[in-house]
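Q: Just passing along the structure, written as structure tokens.
No lab work stands behind these numbers, since they all come straight from the coordinates. All figures in this text were calculated on a predicted structure; none of them were measured in a lab. Neighbour counts run over all protein chains shown; Cβ positions are idealised from the backbone, glycine included.
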Amino acid sequence: YFNKALLLLLQGEYIAGWELHEWRWKKDKLSTPVRKFDQPLWLGKEDLKGKTILIHWEQGFGDTIQFCRYIKEVKQLGCKVIFEVQKPLYNLLKDLEGVDELVAYGSNLPITDYYCPLMSLPLALGTTLETIPYTVSYIRSSKKKKQEWKDKLGLKTKPRLGIVWSGKKTHLGDYKRSITLKNFLKVIPDNYEVFSLQKEVRAEDKTTLNEASYIRHFGDDLSDFTDTAALCELMDVVVSVDTAVAHLASSMGK
């Protein structure tokens, strides 16, 4: 059923696809465990006017970034929206449109009338290809962070290219997406200033990174996603494997 859901979604059959996508909770291997709440689950049937709903994160950072654009659609139903996110995303999303209260995972949750997992919102809202929420940039970096990084990067001499070549090793499909920095650099043109938007560098890539002195890497200077967002905004183009930075750059209209 879950595999059929993915096939239907790939084909643009969203009504049937998102319905079958709920079978993800029955899988043996899912990156997010099933959450249990006292409140009833909302999947679009009940009237939310005057009610309070908790929308909680699930799966990876990229999924939260990609699907949080649905929050404002829920807000338009006349309810109060509590949005729970992973801690590293808290500062990035604190000004997200449609959110009444942002809560970091692990904090006490307020009392609500309903709850809904973030990636169930397309089902609850009856999303079709024609009604996907679309805003060119629904996430923005803070002016303060942008200025700090602008000062740190200094004078721009060439077009700026931000790169990410690997994601978390713990991702079940990591072998399908992450590549070595050595192989990644083979296709990078030489008429760009190259910046690593990668926070963590794997042991096998450290030597390559040290030898490629033209790449500016910041590592521990990236305290959370607000820093990465500011860097993305200062790039002319971002090239990334399938990881959170790809979704972040897209959500900013980069």
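Q: When only Cα pairs under 8 Å and 6 or more residues apart are kept, what is the percent relative contact order across the chain?
A: Values: 402 pairs, mean separation 53.0, N = 254.
Relative contact order for the chain comes out at 21 percent.
Q: Mind checking the full-extension length gain between residue 186 and residue 212? Use 0.36 nm per residue of separation minus the Cα-Cα distance, one decimal, nm. Could the numbers behind the result be given before it?
A: On the way: separation 26, 0.36 × 26 = 9.36 nm, distance 1.17 nm.
Gain on stretching residue 186 to residue 212: 8.2 nm.
Q: What Kirkwood radius, in Å to one decimal, follows from the Cα pairs of the chain?
A: 19.8 Å
Q: Ok, one more. Would you tally the net charge around residue 97, using a Cβ to Cβ cut-off of less than 12 Å, leaving residue 97 out, and scoring K and R as +1, D and E as -1? Please list the in-between numbers first.
A: Working: positive: 69, 72, 75, 94, 140; negative: 73, 95, 100.
Neighbour charge sum, excluding residue 97 itself: +2.
Q: Which distance in nm do the two modelled labels at residue 176 and residue 101 give, with both placed 7 Å along the Cα-to-Cβ direction?
A: 3.8 nm
Q: Hey, another quick one. So which trypsin sites (Lys or Arg not before Pro) in segment 163-220 end up in coil per DSSP with only 10 or fewer other C-beta atoms within 10 Å?
A: On the way: sites: 168, 169, 176, 177, 182, 186, 199, 202, 206, 216; in loops: 168, 169, 177, 186, 199, 202.
Sites meeting the loop and neighbour criteria: 169, 186.
Q: Note down the net charge around residue 168, summing +1 for each Lys or Arg and -1 for each Asp or Glu among other residues with Cβ under 9 Å from its Cβ. Mind showing how you got there, number by number?
A: Working: positive: 169; negative: 174, 200.
Computed value for this residue: -1.
Q: With each pseudo-label sitting 7 Å past Cα toward Cβ, what's the residue 41-residue 204 distance in nm, one decimal?
A: Roughly 3.9 nm, to one decimal.
Q: Moving on to the next point. Quick one: what are the phi-derived ³J(HN,Hα) couplings along segment 181-198, Karplus 6.51/-1.76/1.60 with θ = phi - 60°, whole Hz, x for glycine and proline?
A: Once θ is set to phi - 60°, the couplings for segment 181-198 become 4, 4, 6, 4, 5, 4, 10, 8, x, 9, 9, 10, 7, 10, 10, 7, 9, 7 Hz.
Q: With charges set only on the Cβ (+1 for Lys and Arg, -1 for Asp and Glu), what does the dipole of segment 160-254 come to about its Cα centre, in debye to the nearest 20? Present the calculation step by step, with values, prior to reporting the outcome.
A: Numbers: 12 positive and 14 negative charges, 76 e Å.
Using only the charged Cβ atoms, the result is roughly 360 debye.
Q: For residue 237 and residue 137 in the same chain, what is the full-extension length gain: residue separation times 0.36 nm, less their Cα-Cα distance, in nm?
A: Working: separation 100, 0.36 × 100 = 36.00 nm, distance 1.50 nm.
Here the answer is 34.5 nm.
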